[in-house]
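Undergrad: The structure under discussion is supplied below as structure tokens; questions concerning it will follow.
The values are calculated or read from the model by the stated rules, or taken from the named source; none is laboratory data. The model shown is predicted, which means the values in this text are computed figures rather than measured ones. Cβ coordinates were reconstructed from backbone atoms using ideal geometry, including for glycine residues, and neighbour counts include every protein chain displayed. Calculation scope for accessible area: heavy atoms of the full protein, side chains included, ligands and nucleic acids excluded. Shrake-Rupley method; radii C 1.70, N 1.55, O 1.52, S 1.80 Å.
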Amino acid sequence: MPNLTDKIILITGAAGAVGSAVAAAVRAQGGIAIATDLKDADLDLDVTSEADWQRVVDDVSATHGHLDGLVNAAGIVAMGSIEKLDFATWRRVLSINLDGTFLGCKYAFPLLKPRGGSIVNLSSVSALVGGHNLAAYNASKGGVSLLTKSVALLGARNKPPIRCNAVCPSFLEGPMVDAIASTARDPQSAMEKMSAEIPLQRMGKPAEVAALCLYLLSDEAAFITGADLPIDGGLTAK
């Protein structure tokens with residue numbers, strides 16, 4: 001695993017499956033993980049609140065003086081086509097997934113500028129391929145992936161550079177996929193169908209996504225920026 005000794009990494013959505021796996025992995029590799037979420041984290045943070053972001057970065061600045069990395073892992077999924085999805089749900093998904101990532105990049109950027117660093121945004125294969133019943137999720141994650149490229153181009157102008165990449169998982173074991181399956185008539189059958197769609201014939205594990213995030217946060221990934229990196233068991237190769 002990459003060496004993150006003494007690197008200070010801020011993580012959103014750290015009470016979730018991927019966020020908690022990233023926080024644990026950062027600490028295991030010698031880094032300082034600042035875990036944030038609505039509750040049950042080092043710092044409370046509603047990623048849709050600009051005031052919350054300002055409070056958190058002020059706290060980090062006072063305690064550590066800078067950041068070496070940011071992982072925007074907060075996110076939700078809501079099923080629904082444009083015919084059936086209500087506007088309030090659309091706004092909520094976009095607010096958490098896209099607005100939250102924008103605010104994270106915006107407010108973490110000044111703390112990354114003095115020493116450079118790495119931003120990792122949790123996107124999805126749903127940013128790369130569409131789903132008829134994932135209108136809001138597709139739109140939000142597509143936005144995350146292109147926002148990532150914009151931030152990467154700006155970060156490349158910084159000396160030392162601030163890299164920004166998007167990690168694009170497919171179905172992962174955990175609450176999000178459980179919630180998707182629960183909307184089906186037969187949740188167990190839905191889970192089996194999702195696994196069968198993946199060429200490797202299984203769902204991914206949050207720890208596998210965390211390992212990719214750690215690599216992107218590390219100095220070993222110094223020449224990678226502006227990329228969408230699928231971690232999908234071959235799903236987007238079809």
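Undergrad: So, in the stretch 159-176, of the ones that are part of a loop (DSSP other than H, G, I, E, B) and in contact with a helix residue (DSSP H, G or I) (Cβ under 8 Å, 6 or more places away or on another chain), which residue ends up modelled with the highest pLDDT?
TA: P161
Undergrad: Being closer than 24 Å to G100 by Cα, out of contact with any strand residue (DSSP E or B) (no Cβ under 8 Å at 6 or more places or on another chain) and at pLDDT 95 or above narrows it down to one residue among A152, A179, A210; which is it? Working first, answer last.
TA: Details: A152 fails: out of contact with any strand residue (DSSP E or B) (no Cβ under 8 Å at 6 or more places or on another chain); A179 fails: at pLDDT 95 or above.
So the residue among A152, A179, A210 that is closer than 24 Å to G100 by Cα, out of contact with any strand residue (DSSP E or B) (no Cβ under 8 Å at 6 or more places or on another chain) and at pLDDT 95 or above is A210.
Undergrad: Separate question: Of the conditions (1) surrounded by fewer than 19 Cβ atoms within 10 Å (Cβ to Cβ); (2) in contact (Cβ under 8 Å) with a residue 60 or more places away in the chain, S118 clears all except one; give me its number.
TA: All conditions pass for S118, except number (1).
Undergrad: Follow-up. Suppose we filter Q201, Q188 for residues that are open to solvent by 60 Å² or more (accessible area, probe 1.4 Å), at pLDDT below 95 and either in a helix (DSSP H, G or I) or among the β-branched types (V, I, T) (or both); which single one remains?
TA: Going through Q201, Q188 in turn, just one is open to solvent by 60 Å² or more (accessible area, probe 1.4 Å), at pLDDT below 95 and either in a helix (DSSP H, G or I) or among the β-branched types (V, I, T) (or both): Q188.
Undergrad: Sticking with this structure for a sec: Which of the residues that make up the stretch 56-74 are open to solvent by less than 30 Å² (accessible area, probe 1.4 Å) and in a loop (DSSP other than H, G, I, E, B)?
TA: Listed by number, the residues that qualify are H66, L67, D68, A73, A74.
Undergrad: Please count how many residues of the stretch 1-44 are in a loop (DSSP other than H, G, I, E, B), free of Cβ contacts under 8 Å to residues at least 60 places away in the same chain, within 18 Å of A108 (Cα to Cα) and under 15 Å from the mean Cα position of the chain (by Cα).
TA: Residues flagged as in a loop (DSSP other than H, G, I, E, B), free of Cβ contacts under 8 Å to residues at least 60 places away in the same chain, within 18 Å of A108 (Cα to Cα) and under 15 Å from the mean Cα position of the chain (by Cα) within the stretch 1-44 amount to 1.
Undergrad: Whether any residue in the stretch 144-154 is within 21 Å of Y107 (Cβ to Cβ), open to solvent by 30 Å² or more (accessible area, probe 1.4 Å) and not in a helix (DSSP H, G or I) is what I want to check.
TA: no
Undergrad: Follow-up. State which residue pairs qualify: first residue surrounded by fewer than 20 Cβ atoms within 10 Å (Cβ to Cβ) and inside the stretch 161-184, second residue of a type in the set (G, A, S) and part of a loop (DSSP other than H, G, I, E, B) in any location, beta carbons under 6 Å apart, and separation of 6 or more residues or different chains.
TA: What qualifies is P161/G116.
Yes or no, residue by residue, for (1) open to solvent by 30 Å² or more (accessible area, probe 1.4 Å); (2) in contact with a strand residue (DSSP E or B) (Cβ under 6 Å, 6 or more places away or on another chain):
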position	(1), (2)
R92	yes, no
L98	yes, no
L103	no, no
K106	yes, no
K113	yes, no
V125	no, yes
G131	no, no
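Undergrad: Looking only at the stretch 79-98, filter to residues that are of a type in the set (G, A, S) and not in a helix (DSSP H, G or I); which one of those is nearest to A184 (Cα to Cα)?
TA: Residues of the stretch 79-98 that are of a type in the set (G, A, S), as a first pass: 80-81, 88, 95.
Filter once more, keeping what is not in a helix (DSSP H, G or I): 80-81.
Working: G80: 12, S81: 15 Å.
Restricting to residues being of a type in the set (G, A, S) and not in a helix (DSSP H, G or I), the top hit is G80.
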